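Participant: Please read through the structure below; I'll follow up with questions.
Please treat every number below as a calculation from the coordinates, not as lab data. Note that the coordinates shown come from a computational prediction; the quantities given were computed from them, not determined experimentally. All Cβ positions, even for glycine, are placed from backbone atoms using ideal geometry, and neighbour counts span all protein chains on display.
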Ligand SMILES: Cc1ncc(C[n+]2csc(CCOP(=O)(O)OP(=O)(O)O)c2C)c(N)n1
Ligand SMILES: [Mg+2]
């Protein structure tokens, strides 16, 4: 074990995968010489410009060429600098990559990873701060990963690279500086397994990405209130570990879902619907969601802080369940 | 790179096969047996035949919504193609793709595409795979005049150029994008001129002359194989039918249509074969008869093929 930050852990995982498989390459804007959040710089230093490829400002071509390269036998790891630019690559991602395996009757594989940076918190305003995971989860054929710790990021980026499907890997920008113990050497986590980040018996808080950290902070506050909160980190949204959610509810009987994305049609609604359908009898209280409001992300630091769910809001939602 | 007798005969045979295939698909559609959209390739056969004659089996192609000709010329099995466009379980994609989504990775066919212009970056990515794997394979991307106004075209051409990819771009300029005449939808009207904007050669050829298509493409492919980077070949051509079956193409000038029909690529090729003494009328008729029989057999195969099982609905979403 070594202490690594979130970005370093992703780079560590990528470097190991690139060593293991020469068909893995990294591609995107400034990924080699001046990566926006620094992640792939170490990969470039280790592997050079053939395997860590800078592109022009051409998101469509980054994503579109990755689809063709993957179909023709390579394993691209494409970086889309901000998740907000998903709209630019949506045809290549959702109409091409996601559908090719099905549309072509299972004869073609499209093994690619889209790494992309999500989230508010640095005053980047409405076009550089969104959490758009629900755009991805609404498209069958795509997998959606949203880790919250350096160790999970290392294990899941390796799994994403090895997966034979198109995978979107969402990296919250505030997580890059967070540190944690990370297993040394090869470390691969299964895709589709949630993780109990804190055990508790009174309420299940389901979240992912940076909201796991906020939920853990809320659990600390709740402990002082005499409430033992369980924090379940989904880690991957597609495929979803339904069993872990239902199993936790079997013990706690209360559910609060926390995500940074806006509320309407957010992935929290999906989790709530599944629980209402398959876990209704487990519930002793209504399901609560703690999310951003249905607005664009504001610039003003005051407004931005009000936009992003925090520990106090999560605590209040839990306490409202009585 | 002059064309020899057997090569031209093979191209002719390929063109006849495409034409006969499309004629039967047309009949099946009109008879009501064929679901969805059907974009016929008839009239553009010299492009598919001429281009594919320059390729090796391990070269890759990315195709379009008007893609039957590409698949046939790249070696596609007409039985599996007909089964696919009829939505049958025996088709190339188990009936899940249809006319606009035939793919056959084992033949290097990365798929037809329902999204205009989407094939272009995909073809460029395949060219990167060819280059990356240290071989001398090439990737050929087909697209129409209409597609060359998509952003995908511009971004992908630039990427192919800066990476010196073994990519050949084949623009099938049939002068219309649905009902929108090219002189009204883009300037300049030679799509190949746009290649210069990205720093590589673009040439215009008569897309109804299989030999001309072959020669220009052979040069482009040789350049790509040798590491010389991309080339665009623009083939001026004409679709014989409407945009899809059902479209009467009333937006086209009947006189212009008649001129192009008189320059049917099959007729032009037959004339060349005859004038050089490479095949007489009897030999050409024999080819046609043989291919008609093959297509009839394929139609029978497709019509006798089972529908997909309902359980197939839920399979192949993910690869495991
Ligand atoms: C992105 C996109 N826009 C619009 C359409 C509808 N559409 C299908 S074919 C076509 C015209 C394409 O013209 P061209 O590229 O010249 O090909 P052609 O049909 O002439 O072979 C259009 C607009 C589509 N399928 N995809
Ligand atoms: Mg056209």
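Participant: What does chain A give for Rg and for Dmax, in Å, if only its C-alpha atoms count?
Facilitator: My reading of the Cα-based Rg and Dmax gives 19.2, 58 Å.
Participant: While we're on this one: Residue B:196 versus residue B:261, label points 7 Å from Cα toward the beta carbon: distance in nm?
Facilitator: 3.7
Participant: Let me ask another. To the nearest 0.05, what FRET efficiency results for residue B:178 and residue A:199 with a Förster distance of 56 Å applied to their C-beta separation?
Facilitator: After rounding, the FRET efficiency stands at 0.40.
Participant: What fraction, in whole percent, of alpha-carbon pairs in segment B:185-320 exceed 25 Å separation?
Facilitator: Counting every Cα pair in segment B:185-320, those more than 25 Å apart make up 58 percent.
Participant: Given Cα positions, please report Rg to Rh for segment A:8-88, the hydrodynamic radius being the Kirkwood one.
Facilitator: Rg divided by Rh gives 0.94.
Participant: Based on the mean of other Cβ atoms within 10 Å per residue, sort peptides B:156-167, A:2-13 so the most packed one is first.
Facilitator: In decreasing order of mean packing, B:156-167, A:2-13 become B:156-167, A:2-13.
Participant: Moving to a separate point now. Starting from a Cα-only point model with no solvent, please compute log10 I(q)/I(0) by Debye for segment A:92-149 at q = 0.29, 0.31 1/Å.
Facilitator: Ignoring solvent entirely, the Cα scatterers give -1.24, -1.31.
Participant: While we're here: Under the definition of partner shielding as Cβ atoms of other protein chains within 10 Å of a residue Cβ, what is the mean value for peptide B:83-96?
Facilitator: Mean partner-chain Cβ count within 10 Å for B:83-96: 2.
Participant: Evaluate peptide A:105-112: per residue, the Cβ atoms of other protein chains within 10 Å of its Cβ; return the mean as an integer.
Facilitator: 6
Participant: According to a simple spin-label model (label point 7 Å from Cα along Cα-to-Cβ), what is the distance in nm between residue A:316 and residue A:294?
Facilitator: For the pair residue A:294/residue A:316, the computed spacing is 2.0 nm.
Participant: Here's something else I'd like to know. Apply the Kirkwood formula to segment A:127-281: the hydrodynamic radius equals the inverse of the mean of 1/r over all pairs of different alpha-carbon atoms; give it in Å with one decimal.
Facilitator: 15.9
Participant: Taking springs between alpha-carbon atoms closer than 10 angstrom, which of B:19, B:66, B:56 fluctuates most in the Gaussian network model of chain B?
Facilitator: B:56
Participant: So, one more: Can you give the Rg to Rh ratio of segment A:235-311, both from alpha-carbon atoms, with Rh computed by the Kirkwood formula?
Facilitator: Dividing the radius of gyration by the Kirkwood radius yields 1.04.
Participant: Something else now. Averaged over peptide A:73-82, how many Cβ atoms belonging to another chain are found within 10 Å of each residue's Cβ?
Facilitator: Shielding by partners across A:73-82 averages 2.
Participant: Report the calculated FRET efficiency for residue B:222 and residue B:300 (r = Cβ-Cβ distance, R0 = 30 Å), to the nearest 0.05.
Facilitator: 0.15
Participant: Enter the per residue convex hull volume of segment B:94-228, computed from alpha-carbon coordinates, in Å³ rounded to the nearest integer.
Facilitator: Output value, Cα hull per residue: 119 Å³.
Participant: Here is a further query. Would you give the gap between the C-alpha center of segment B:52-74 and the C-alpha center of segment B:163-218, rounded to a whole Å?
Facilitator: 17
Participant: Then there's this: May I ask for the angle, rounded to the nearest 10°, between helix A:6-20 and the longest principal axis of chain A, with both axes built from Cα atoms and the value confined to 0 to 90°?
Facilitator: Helix A:6-20 sits roughly 40 degrees off the main axis of chain A.
Participant: With r as the distance between the Cβ atoms of residue B:293 and residue A:50 and R0 = 41 Å, compute the FRET efficiency 1/(1 + (r/R0)^6) and round to 0.05.
Facilitator: Efficiency, from the Cβ-Cβ distance: 0.20.
Participant: Determine by what factor the alpha-carbon radius of gyration of segment B:14-171 differs from 2.2 N^0.38 Å, reporting the quotient.
Facilitator: For segment B:14-171, the normalised Cα radius of gyration comes out at 1.01.
Participant: Helix-derived [θ] at 222 nm for the protein assembly as shown: sum -39500 (n - 2.57) over DSSP H runs of at least 4, divide by residue count, nearest 500?
Facilitator: Mean residue ellipticity, 222 nm, calculated: -12500 deg cm²/dmol.
Participant: Still on this structure: Given 0.36 nm per residue, what is the gain on full extension from residue B:247 to residue B:283 after removing their alpha carbon distance, in nm?
Facilitator: Here the answer is 9.5 nm.
Participant: May I ask for the distance between the Cα centers of segment A:145-167 and segment B:104-152, given as a whole number of Å?
Facilitator: 28
Participant: Per residue, how big is the convex hull of segment A:2-182 when only Cα atoms are used? Give it in Å³.
Facilitator: Once divided by residue count, the hull of segment A:2-182 is 101 Å³.
Participant: I would also like to ask the following. From the mean inverse distance of alpha carbon pairs (Kirkwood) and the Cα radius of gyration, derive Rg over Rh for the protein assembly as shown.
Facilitator: 1.05
Participant: Now for a different question. In Å, what Rg and Dmax follow from the Cα atoms of segment B:5-304?
Facilitator: Here Rg and the maximum Cα pair distance are 18.1, 52 Å.
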